[in-house]
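The values are calculated or read from the model by the stated rules, or taken from the named source; none is laboratory data. A quick note: this is a predicted structure, and the numbers were derived from the prediction, not measured. All Cβ positions, glycine included, derive from the backbone under ideal geometry; neighbour counts span all protein chains shown. Note: accessible area is taken over every heavy atom of the protein model, side chains too, but ligands, DNA and RNA are not part of it. Shrake-Rupley method; radii C 1.70, N 1.55, O 1.52, S 1.80 Å.
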Amino acid sequence: EAARALVFNGDLDGAKGLLDRAADQDTTPAARLARERGRLALRYRDFKRAIVELKDSTTSDERDFEAWMLLLDAHLGAGDTAAARTVMDDILRKFPNRPDAGLVTGRVALISGRTQDALTDFKAAKASVVNAPRRTFADACLWVGYAAYSVGDYANARVQLVEATRKEETNADAHGVLGRVFVETEDWDKAAVTLARAVELDPENAEAWFLL
């Protein structure tokens, strides 16, 4: 859990050190270690390594919903839509009737160019997680905001992404997309502050560094 917190706060080398030490301990759960290594690899944009680790994690513990979602994100990051659809189908089969299923289907709809479908799915998911832990709700706000940004609705995107960062200040992706919104709307001062925070939390975010 300490390594997870370091990833969320942008200390990727610190997280790697903790995970390497955890790997030397016989008491460390293999599925959780693989999940957190996969999360770290995602932050490094090493999608191939992330996929390997997260497949190991979901094989060791197929009921770990978070690991499955990270695996989905790894395939999406790699641009492998076909593999992402396969993982989506696996998630929907293994976790049927989840009210937040739109966070799964919306991701695949978005990468497939069906932005309005994605927006609908993400909005429904957000409504279902209002009382969920703050990071879960912030993640839903992020995806609604990202979909709105993708269709050029910068006003709604801004509202959603600001809500995401207020609910969970270490949501690096929300800061990154919000920074893009501020650039698109030429709100340069807010763009600079927001993008600076984005790269602090996610130092491998090349696009945020470029915009900054």
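Can you find, within segment 74-111, the residue that is most open to solvent (accessible area, probe 1.4 Å) among those that are of a type in the set (Lys, Arg) and assigned to a helix (DSSP H, G or I)?
ARG93
Go through (1) without any contact (Cβ under 8 Å) to a residue 12 or more places away in the chain; (2) closer than 20 Å to ASP80 by Cα one by one and return the number of the condition LEU54 breaks.
(1)
Which residue, of ASN205, ASN131, is in contact (Cβ under 8 Å) with a residue 24 or more places away in the chain, in contact with a helix residue (DSSP H, G or I) (Cβ under 9 Å, 6 or more places away or on another chain) and under 28 Å from ALA5 (Cβ atoms)?
The conditions single out ASN205.
Restricting attention to segment 112-123, and to residues there that are free of Cβ contacts under 8 Å to residues at least 24 places away in the same chain and assigned to a helix (DSSP H, G or I), which single residue is least open to solvent (accessible area, probe 1.4 Å)?
ASP121
Looking only at segment 124-166, count every residue that is farther than 28 Å from GLU186 by Cα and either among the β-branched types (Val, Ile, Thr) or open to solvent by 50 Å² or more (accessible area, probe 1.4 Å) (or both) and tell me the total.
Final tally of qualifying residues: 9.
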